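Reading through the C-alpha coordinates given below for one structure.
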Amino acid sequence: MKQQKTVVVGVSGGVAVYKTLDVISRLRKADINVHVIMTEAATEFVTPLSFQSLSQNMVIHNMFEEPRAWEIQHISLAKKADLMLIAPATANIIGKVANGIADDMLSTTIMATKAPVIFAPAMNTNMYNNPIVKDNIRKLKDYGYGFIEPASGRLACGDVGDGKLADTELIAERVISALYEPKDLMGLKVLVTAGPTISAIDPVRFITNRSTGKMGYAIAEEARDRGAEVVLITGPSNLQPPFGMKVKQINTNEEMLNAVLEEYDSCDIVIKSAAVADYKAKNYSSEKIKKGSGDLVLEFTRDNDILKNLGDKKKNQILIGFAAESNEILQNAKEKLGKKNLDYIVANDITSKETGFGSDNNKVTIISKTGEAIELESMSKRLVGQELFNIVLKHINN
(Lines give C-alpha, C1' and ligand atoms only; values in the text may rest on other atoms or scores of the structure.)
Protein backbone atom coordinates (compact mmCIF):
# COMPACT_ATOMS: atom_id res chain seq x y z
CA MET A 1 0.00 0.00 0.00
CA LYS A 2 1.39 3.40 -0.99
CA GLN A 3 2.08 5.85 1.81
CA GLN A 4 -0.16 8.92 1.85
CA LYS A 5 1.59 12.00 0.49
CA THR A 6 1.60 15.39 2.22
CA VAL A 7 1.36 18.69 0.40
CA VAL A 8 1.82 22.02 2.16
CA VAL A 9 -0.16 24.70 0.34
CA GLY A 10 1.05 28.26 0.79
CA VAL A 11 -1.63 30.87 0.16
CA SER A 12 -0.50 34.44 -0.39
CA GLY A 13 -2.72 37.50 -0.62
CA GLY A 14 -4.47 38.00 -3.94
CA VAL A 15 -7.98 38.00 -5.37
CA ALA A 16 -7.46 34.44 -6.65
CA VAL A 17 -7.20 33.06 -3.09
CA TYR A 18 -10.71 31.58 -3.31
CA LYS A 19 -9.65 29.41 -6.26
CA THR A 20 -7.11 27.63 -4.08
CA LEU A 21 -10.00 26.11 -2.16
CA ASP A 22 -10.87 24.09 -5.27
CA VAL A 23 -7.25 22.97 -5.64
CA ILE A 24 -7.26 21.69 -2.07
CA SER A 25 -10.57 19.91 -2.64
CA ARG A 26 -9.09 18.13 -5.66
CA LEU A 27 -5.96 17.11 -3.74
CA ARG A 28 -8.02 15.73 -0.88
CA LYS A 29 -10.12 13.71 -3.34
CA ALA A 30 -6.82 12.22 -4.57
CA ASP A 31 -6.14 11.10 -0.95
CA ILE A 32 -3.38 13.65 -0.42
CA ASN A 33 -2.89 15.07 3.08
CA VAL A 34 -2.99 18.89 2.88
CA HIS A 35 -1.67 21.48 5.32
CA VAL A 36 -2.26 25.18 4.66
CA ILE A 37 -0.18 28.21 5.51
CA MET A 38 -1.78 31.59 4.83
CA THR A 39 -0.17 35.00 4.82
CA GLU A 40 -1.95 37.67 6.82
CA ALA A 41 -2.95 39.34 3.55
CA ALA A 42 -4.54 36.10 2.30
CA THR A 43 -6.84 35.99 5.36
CA GLU A 44 -8.36 39.30 4.23
CA PHE A 45 -9.79 37.55 1.16
CA VAL A 46 -10.86 34.15 2.56
CA THR A 47 -11.05 33.09 6.19
CA PRO A 48 -8.70 30.39 7.54
CA LEU A 49 -11.80 28.44 8.59
CA SER A 50 -12.67 27.78 4.93
CA PHE A 51 -9.25 26.26 4.29
CA GLN A 52 -9.39 24.36 7.58
CA SER A 53 -12.74 22.83 6.62
CA LEU A 54 -11.47 21.56 3.26
CA SER A 55 -7.97 20.49 4.31
CA GLN A 56 -9.20 18.97 7.61
CA ASN A 57 -6.06 20.32 9.26
CA MET A 58 -5.42 23.42 11.35
CA VAL A 59 -4.43 26.41 9.24
CA ILE A 60 -1.37 28.43 10.21
CA HIS A 61 -1.42 32.13 9.48
CA ASN A 62 0.26 33.83 12.46
CA MET A 63 3.99 33.32 12.81
CA PHE A 64 3.87 34.02 16.54
CA GLU A 65 0.73 32.08 17.35
CA GLU A 66 1.06 29.75 20.34
CA PRO A 67 1.84 26.28 18.88
CA ARG A 68 -0.62 23.47 19.66
CA ALA A 69 2.21 20.99 20.01
CA TRP A 70 5.78 21.28 21.22
CA GLU A 71 7.31 21.83 17.80
CA ILE A 72 8.58 24.71 15.73
CA GLN A 73 5.76 24.93 13.22
CA HIS A 74 7.56 26.11 10.11
CA ILE A 75 10.27 23.48 10.60
CA SER A 76 7.69 20.80 11.34
CA LEU A 77 5.69 21.49 8.17
CA ALA A 78 8.85 21.88 6.11
CA LYS A 79 9.83 18.35 7.13
CA LYS A 80 6.35 16.88 6.67
CA ALA A 81 5.99 18.16 3.12
CA ASP A 82 6.52 15.86 0.17
CA LEU A 83 5.83 18.95 -1.93
CA MET A 84 4.98 22.62 -1.37
CA LEU A 85 2.53 24.45 -3.61
CA ILE A 86 2.30 28.25 -3.48
CA ALA A 87 -1.07 29.27 -4.95
CA PRO A 88 -1.75 32.02 -5.61
CA ALA A 89 1.88 33.15 -5.65
CA THR A 90 1.98 36.94 -5.58
CA ALA A 91 4.85 39.11 -6.76
CA ASN A 92 5.55 39.69 -3.06
CA ILE A 93 6.16 36.05 -2.05
CA ILE A 94 8.07 35.36 -5.26
CA GLY A 95 10.31 38.37 -4.58
CA LYS A 96 10.88 37.37 -0.95
CA VAL A 97 11.99 33.84 -1.72
CA ALA A 98 14.10 34.90 -4.73
CA ASN A 99 16.02 37.28 -2.49
CA GLY A 100 16.31 35.15 0.64
CA ILE A 101 13.81 37.05 2.77
CA ALA A 102 12.04 34.96 5.43
CA ASP A 103 9.86 37.21 7.57
CA ASP A 104 6.58 35.30 7.94
CA MET A 105 5.43 31.72 8.36
CA LEU A 106 5.09 31.02 4.63
CA SER A 107 8.44 32.41 3.50
CA THR A 108 10.30 30.73 6.41
CA THR A 109 8.70 27.37 5.65
CA ILE A 110 9.64 27.63 1.97
CA MET A 111 13.22 28.41 2.99
CA ALA A 112 13.32 25.52 5.45
CA THR A 113 11.92 22.74 3.28
CA LYS A 114 13.93 20.32 1.19
CA ALA A 115 10.79 19.23 -0.66
CA PRO A 116 10.08 20.40 -4.22
CA VAL A 117 8.33 23.78 -4.34
CA ILE A 118 5.93 24.80 -7.12
CA PHE A 119 4.72 28.38 -7.57
CA ALA A 120 1.42 29.19 -9.32
CA PRO A 121 1.65 32.98 -9.93
CA ALA A 122 -1.40 35.24 -10.03
CA MET A 123 -1.18 39.01 -10.28
CA ASN A 124 -1.92 42.06 -12.40
CA THR A 125 -0.54 41.63 -15.93
CA ASN A 126 1.72 44.69 -15.63
CA MET A 127 3.18 43.30 -12.42
CA TYR A 128 3.68 39.88 -13.98
CA ASN A 129 5.49 41.42 -16.96
CA ASN A 130 7.58 43.75 -14.79
CA PRO A 131 11.28 43.01 -15.47
CA ILE A 132 11.96 42.71 -11.73
CA VAL A 133 9.28 40.04 -11.29
CA LYS A 134 10.44 38.24 -14.43
CA ASP A 135 14.00 38.27 -13.10
CA ASN A 136 12.88 36.88 -9.74
CA ILE A 137 10.97 34.06 -11.47
CA ARG A 138 13.97 33.30 -13.67
CA LYS A 139 16.21 33.22 -10.60
CA LEU A 140 13.92 30.78 -8.78
CA LYS A 141 13.70 28.54 -11.84
CA ASP A 142 17.51 28.46 -11.94
CA TYR A 143 17.47 27.34 -8.30
CA GLY A 144 15.17 24.46 -9.25
CA TYR A 145 11.80 25.81 -8.14
CA GLY A 146 8.86 24.83 -10.32
CA PHE A 147 6.32 27.17 -11.90
CA ILE A 148 2.83 26.70 -13.29
CA GLU A 149 2.49 29.49 -15.82
CA PRO A 150 -0.51 31.80 -15.34
CA ALA A 151 -3.33 31.94 -17.86
CA SER A 152 -4.22 34.91 -20.01
CA GLY A 153 -7.56 36.69 -19.87
CA ARG A 154 -9.56 39.35 -18.10
CA LEU A 155 -8.20 40.03 -14.63
CA ALA A 156 -10.07 41.17 -11.52
CA CYS A 157 -8.75 44.71 -11.99
CA GLY A 158 -10.26 44.87 -15.48
CA ASP A 159 -6.97 44.56 -17.37
CA VAL A 160 -6.59 41.83 -19.99
CA GLY A 161 -3.40 39.81 -20.31
CA ASP A 162 -1.18 37.25 -18.58
CA GLY A 163 -1.54 36.91 -14.83
CA LYS A 164 -4.70 34.84 -14.15
CA LEU A 165 -4.15 31.93 -11.83
CA ALA A 166 -3.83 28.76 -13.91
CA ASP A 167 -6.87 26.48 -14.09
CA THR A 168 -7.37 24.75 -10.74
CA GLU A 169 -7.69 21.33 -12.37
CA LEU A 170 -4.34 21.84 -14.09
CA ILE A 171 -2.69 22.94 -10.82
CA ALA A 172 -3.97 19.85 -9.02
CA GLU A 173 -2.88 17.59 -11.89
CA ARG A 174 0.61 19.11 -11.83
CA VAL A 175 0.92 18.42 -8.11
CA ILE A 176 -0.39 14.87 -8.40
CA SER A 177 1.97 14.22 -11.32
CA ALA A 178 4.97 15.51 -9.35
CA LEU A 179 4.11 13.19 -6.44
CA TYR A 180 3.52 10.15 -8.65
CA GLU A 181 5.68 7.10 -7.96
CA PRO A 182 7.71 5.37 -9.21
CA LYS A 183 9.74 7.67 -11.46
CA ASP A 184 11.17 4.63 -13.23
CA LEU A 185 11.05 6.03 -16.78
CA MET A 186 13.46 8.86 -16.06
CA GLY A 187 15.98 9.26 -18.87
CA LEU A 188 13.78 7.50 -21.44
CA LYS A 189 11.99 9.08 -24.39
CA VAL A 190 8.53 7.69 -25.10
CA LEU A 191 6.53 8.36 -28.25
CA VAL A 192 2.78 7.66 -28.21
CA THR A 193 0.29 8.00 -31.05
CA ALA A 194 -3.39 8.44 -30.28
CA GLY A 195 -6.79 9.08 -31.78
CA PRO A 196 -8.01 8.62 -35.35
CA THR A 197 -6.71 9.92 -38.65
CA ILE A 198 -8.98 11.28 -41.35
CA SER A 199 -8.98 10.91 -45.11
CA ALA A 200 -10.56 13.74 -47.09
CA ILE A 201 -12.99 13.00 -49.93
CA ASP A 202 -13.73 16.60 -50.89
CA PRO A 203 -13.49 19.98 -49.07
CA VAL A 204 -16.52 19.04 -46.94
CA ARG A 205 -16.43 15.27 -46.42
CA PHE A 206 -13.94 12.83 -45.02
CA ILE A 207 -13.82 9.29 -43.63
CA THR A 208 -12.50 8.47 -40.18
CA ASN A 209 -13.21 6.05 -37.32
CA ARG A 210 -14.63 6.09 -33.79
CA SER A 211 -11.36 6.40 -31.88
CA THR A 212 -11.44 9.12 -29.20
CA GLY A 213 -7.76 9.08 -28.24
CA LYS A 214 -8.50 8.14 -24.60
CA MET A 215 -6.20 5.10 -24.60
CA GLY A 216 -3.23 6.90 -26.10
CA TYR A 217 -3.64 9.98 -23.90
CA ALA A 218 -3.78 7.77 -20.80
CA ILE A 219 -0.57 5.98 -21.85
CA ALA A 220 1.17 9.30 -22.51
CA GLU A 221 0.13 10.67 -19.10
CA GLU A 222 1.37 7.52 -17.36
CA ALA A 223 4.75 7.84 -19.09
CA ARG A 224 4.98 11.54 -18.17
CA ASP A 225 4.14 10.92 -14.51
CA ARG A 226 6.77 8.18 -14.33
CA GLY A 227 9.43 10.64 -15.46
CA ALA A 228 9.76 10.01 -19.20
CA GLU A 229 10.24 12.62 -21.88
CA VAL A 230 7.02 12.18 -23.84
CA VAL A 231 5.95 13.01 -27.37
CA LEU A 232 2.24 12.59 -28.09
CA ILE A 233 1.19 12.57 -31.74
CA THR A 234 -2.57 12.81 -31.88
CA GLY A 235 -5.27 12.82 -34.49
CA PRO A 236 -8.43 14.89 -34.02
CA SER A 237 -9.72 14.50 -30.46
CA ASN A 238 -11.99 16.35 -28.04
CA LEU A 239 -9.56 15.64 -25.20
CA GLN A 240 -7.51 18.44 -23.66
CA PRO A 241 -3.83 18.15 -24.69
CA PRO A 242 -1.94 16.90 -21.61
CA PHE A 243 0.61 19.16 -19.93
CA GLY A 244 4.29 18.35 -19.59
CA MET A 245 4.89 16.78 -22.98
CA LYS A 246 5.40 17.68 -26.62
CA VAL A 247 2.05 17.38 -28.42
CA LYS A 248 1.86 17.20 -32.20
CA GLN A 249 -1.62 17.42 -33.69
CA ILE A 250 -2.16 15.84 -37.11
CA ASN A 251 -5.08 14.91 -39.34
CA THR A 252 -4.01 12.46 -42.04
CA ASN A 253 -2.11 9.20 -42.23
CA GLU A 254 0.68 10.96 -44.14
CA GLU A 255 0.97 13.69 -41.50
CA MET A 256 1.18 11.10 -38.74
CA LEU A 257 3.87 9.14 -40.58
CA ASN A 258 6.00 12.27 -41.05
CA ALA A 259 5.52 13.37 -37.44
CA VAL A 260 6.49 9.95 -36.10
CA LEU A 261 9.58 9.66 -38.31
CA GLU A 262 10.80 13.07 -37.12
CA GLU A 263 11.02 11.68 -33.56
CA TYR A 264 11.59 7.96 -34.11
CA ASP A 265 15.38 7.71 -34.10
CA SER A 266 15.71 9.43 -30.72
CA CYS A 267 13.00 7.36 -28.99
CA ASP A 268 13.44 4.44 -26.59
CA ILE A 269 9.82 3.26 -26.49
CA VAL A 270 7.23 3.77 -29.24
CA ILE A 271 3.58 2.92 -28.60
CA LYS A 272 1.28 3.09 -31.63
CA SER A 273 -2.18 3.19 -30.12
CA ALA A 274 -3.69 5.45 -32.80
CA ALA A 275 -6.42 4.10 -35.06
CA VAL A 276 -4.84 5.01 -38.39
CA ALA A 277 -6.89 4.97 -41.60
CA ASP A 278 -5.73 2.10 -43.84
CA TYR A 279 -7.36 3.54 -46.95
CA LYS A 280 -7.80 6.96 -48.53
CA ALA A 281 -9.89 8.30 -51.38
CA LYS A 282 -8.19 7.43 -54.66
CA ASN A 283 -9.26 10.67 -56.29
CA TYR A 284 -9.74 13.69 -54.03
CA SER A 285 -12.27 16.19 -55.39
CA SER A 286 -11.13 19.79 -54.98
CA GLU A 287 -14.78 20.85 -55.22
CA LYS A 288 -17.71 19.60 -53.18
CA ILE A 289 -19.24 16.54 -54.78
CA LYS A 290 -22.80 17.51 -55.65
CA LYS A 291 -25.73 15.26 -54.91
CA GLY A 292 -26.90 13.44 -58.02
CA SER A 293 -30.01 11.43 -58.82
CA GLY A 294 -28.26 8.07 -58.54
CA ASP A 295 -25.83 6.30 -56.21
CA LEU A 296 -22.37 7.64 -55.47
CA VAL A 297 -19.45 5.23 -55.88
CA LEU A 298 -16.14 6.09 -54.23
CA GLU A 299 -12.89 4.27 -54.92
CA PHE A 300 -10.25 3.92 -52.18
CA THR A 301 -6.58 3.00 -52.28
CA ARG A 302 -4.20 1.70 -49.59
CA ASP A 303 -2.53 4.32 -47.43
CA ASN A 304 0.81 4.12 -45.59
CA ASP A 305 1.35 1.21 -43.20
CA ILE A 306 3.03 3.31 -40.50
CA LEU A 307 3.58 0.46 -38.05
CA LYS A 308 5.31 -1.75 -40.64
CA ASN A 309 7.41 1.22 -41.72
CA LEU A 310 8.59 1.64 -38.12
CA GLY A 311 9.18 -2.09 -37.72
CA ASP A 312 11.40 -2.09 -40.82
CA LYS A 313 13.41 0.89 -39.53
CA LYS A 314 13.64 -0.35 -35.93
CA LYS A 315 17.06 -0.34 -34.28
CA ASN A 316 17.08 -0.29 -30.47
CA GLN A 317 13.53 0.96 -29.94
CA ILE A 318 10.91 -1.09 -28.13
CA LEU A 319 8.01 -1.00 -30.59
CA ILE A 320 4.47 -1.65 -29.38
CA GLY A 321 1.36 -1.83 -31.53
CA PHE A 322 -2.35 -2.12 -30.85
CA ALA A 323 -4.72 -4.57 -32.48
CA ALA A 324 -8.32 -3.38 -32.30
CA GLU A 325 -10.19 -6.47 -33.46
CA SER A 326 -13.79 -7.64 -33.72
CA ASN A 327 -13.15 -11.36 -34.24
CA GLU A 328 -10.36 -13.93 -33.78
CA ILE A 329 -8.71 -11.28 -31.64
CA LEU A 330 -5.62 -13.13 -30.40
CA GLN A 331 -4.92 -14.86 -33.71
CA ASN A 332 -5.12 -11.60 -35.67
CA ALA A 333 -2.99 -9.81 -33.09
CA LYS A 334 -0.26 -12.45 -33.20
CA GLU A 335 -0.12 -12.28 -37.00
CA LYS A 336 0.21 -8.50 -36.84
CA LEU A 337 2.94 -8.80 -34.19
CA GLY A 338 5.10 -10.88 -36.52
CA LYS A 339 4.39 -9.03 -39.77
CA LYS A 340 5.18 -5.61 -38.28
CA ASN A 341 8.34 -6.68 -36.36
CA LEU A 342 6.89 -5.59 -33.01
CA ASP A 343 8.15 -6.32 -29.51
CA TYR A 344 4.64 -6.29 -28.04
CA ILE A 345 1.09 -5.96 -29.25
CA VAL A 346 -1.95 -4.97 -27.21
CA ALA A 347 -5.09 -6.76 -28.39
CA ASN A 348 -8.58 -5.61 -27.52
CA ASP A 349 -12.16 -6.31 -28.57
CA ILE A 350 -13.70 -3.19 -30.13
CA THR A 351 -17.22 -4.68 -30.10
CA SER A 352 -17.49 -4.64 -26.31
CA LYS A 353 -19.94 -1.99 -25.07
CA GLU A 354 -18.09 -1.69 -21.73
CA THR A 355 -14.55 -1.37 -23.09
CA GLY A 356 -14.86 -0.39 -26.75
CA PHE A 357 -14.30 2.98 -28.43
CA GLY A 358 -15.08 5.98 -26.24
CA SER A 359 -15.21 4.11 -22.94
CA ASP A 360 -13.02 4.96 -19.95
CA ASN A 361 -12.08 1.31 -19.43
CA ASN A 362 -10.36 -1.31 -21.54
CA LYS A 363 -9.84 -5.06 -21.40
CA VAL A 364 -6.73 -6.15 -23.23
CA THR A 365 -4.25 -8.96 -23.75
CA ILE A 366 -0.59 -7.96 -24.04
CA ILE A 367 1.38 -10.35 -26.23
CA SER A 368 5.18 -10.37 -26.49
CA LYS A 369 7.24 -11.43 -29.50
CA THR A 370 8.28 -14.53 -27.52
CA GLY A 371 4.61 -15.58 -27.47
CA GLU A 372 3.86 -14.80 -23.83
CA ALA A 373 0.29 -13.47 -23.45
CA ILE A 374 -0.82 -11.51 -20.38
CA GLU A 375 -4.57 -11.06 -20.13
CA LEU A 376 -5.69 -8.08 -18.06
CA GLU A 377 -9.07 -7.75 -16.41
CA SER A 378 -11.30 -4.80 -17.32
CA MET A 379 -9.70 -1.69 -15.84
CA SER A 380 -9.29 2.02 -16.49
CA LYS A 381 -7.24 2.93 -19.51
CA ARG A 382 -4.75 4.64 -17.22
CA LEU A 383 -4.24 1.36 -15.35
CA VAL A 384 -3.77 -0.44 -18.68
CA GLY A 385 -0.99 2.05 -19.42
CA GLN A 386 0.49 1.37 -16.01
CA GLU A 387 0.54 -2.39 -16.55
CA LEU A 388 1.98 -1.96 -20.04
CA PHE A 389 4.95 0.04 -18.76
CA ASN A 390 5.49 -2.44 -15.92
CA ILE A 391 5.88 -5.17 -18.54
CA VAL A 392 8.13 -3.06 -20.78
CA LEU A 393 10.40 -2.13 -17.86
CA LYS A 394 10.89 -5.80 -17.02
CA HIS A 395 11.94 -6.24 -20.65
CA ILE A 396 14.44 -3.34 -20.38
CA ASN A 397 15.85 -4.52 -17.03
CA ASN A 398 16.40 -8.01 -18.38
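Tabulated values for the structure
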read-out	value
Residues (closer than 24 Å to GLU255 by Cβ and either modelled with pLDDT of 95 or more or of a type in the set (D, E, K, R) (or both)) located in the range 323-338	LYS336
Of all residues in the range 380-398 being in contact with a strand residue (DSSP E or B) (Cβ under 6 Å, 6 or more places away or on another chain) and of a type outside the set (Val, Ile, Thr), the one that is surrounded by the fewest Cβ atoms within 10 Å (Cβ to Cβ)	SER380
Residues of the range 181-201 satisfying the condition of being out of contact with any Leu (no Cβ under 7 Å at 6 or more places or on another chain) and surrounded by 15 or more Cβ atoms within 10 Å (Cβ to Cβ)	LEU185, LEU188, LYS189, VAL190, LEU191, THR193, GLY195, PRO196, THR197, ILE198, SER199, ALA200
Criterion (part of a helix (DSSP H, G or I), farther than 24 Å from ASP268 by Cβ and of a type in the set (A, V, I, L, M)) met by exactly one of LEU330, LEU393, LEU307	LEU330
Scan of the range 215-237 for residues that are surrounded by fewer than 23 Cβ atoms within 10 Å (Cβ to Cβ) and not in a loop (DSSP other than H, G, I, E, B), ordered by number	ARG224, GLU229
In the range 60-89, residue surrounded by the fewest Cβ atoms within 10 Å (Cβ to Cβ) [restricted to those that are of a type in the set (A, V, I, L, M, F, W, C) and modelled with pLDDT of 95 or more]	LEU83
Total residues in the range 22-45, condition of a type in the set (Val, Ile, Thr) and closer than 14 Å to GLU169 by Cβ	2
Qualifying positions in the range 307-323 - without any contact (Cβ under 8 Å) to a residue 60 or more places away in the chain and among the hydrophobic types (A, V, I, L, M, F, W, C)	LEU307, LEU310, LEU319, ALA323
Test set (1) in contact with an Asp or Glu (Cβ under 9 Å, 6 or more places away or on another chain); (2) part of a loop (DSSP other than H, G, I, E, B); (3) among the polar types (S, T, N, Q) - SER352 fails condition number	(1)
Close pairs from the range 156-182: first in contact (Cβ under 8 Å) with a residue 12 or more places away in the chain, partner surrounded by fewer than 19 Cβ atoms within 10 Å (Cβ to Cβ) and of a type in the set (Phe, Trp, Tyr), Cβ under 9 Å, at least 6 apart	LEU170/PHE243; GLU173/PHE243; ARG174/PHE243; SER177/PHE243
Qualifying residue in the range 90-107 (condition: in contact with a Pro (Cβ under 7 Å, 6 or more places away or on another chain), closer than 15 Å to VAL11 by Cβ, modelled with pLDDT of 95 or more and crowded, with 18+ Cβ neighbours inside 10 Å)	yes
Qualifying residues in the range 317-361 (those that are out of contact with any strand residue (DSSP E or B) (no Cβ under 9 Å at 6 or more places or on another chain) and among the basic types (Lys, Arg)) - the one surrounded by the most Cβ atoms within 10 Å (Cβ to Cβ)	LYS339
Qualifying helices (runs of 4 or more DSSP H) (wholly inside the range 93-210; at least 1 residues being within 30 Å of ALA223 (Cα to Cα) and not acidic (Asp, Glu))	105-112, 131-142, 168-179
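For every residue, the table says whether it meets (1) in a strand (DSSP E or B); (2) farther than 29 Å from SER359 by Cα.
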{"position": "GLY244", "(1), (2)": "no, no"}
{"position": "LYS248", "(1), (2)": "yes, no"}
{"position": "LEU261", "(1), (2)": "no, yes"}
{"position": "LYS280", "(1), (2)": "yes, no"}
{"position": "SER286", "(1), (2)": "no, yes"}
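The values are calculated or read from the model by the stated rules, or taken from the named source; none is laboratory data. These numbers come from a predicted model, not from an experiment. A quick note on method: Cβ atoms are made from the backbone with ideal geometry, for glycine too, and the neighbour counts reach across all protein chains shown.
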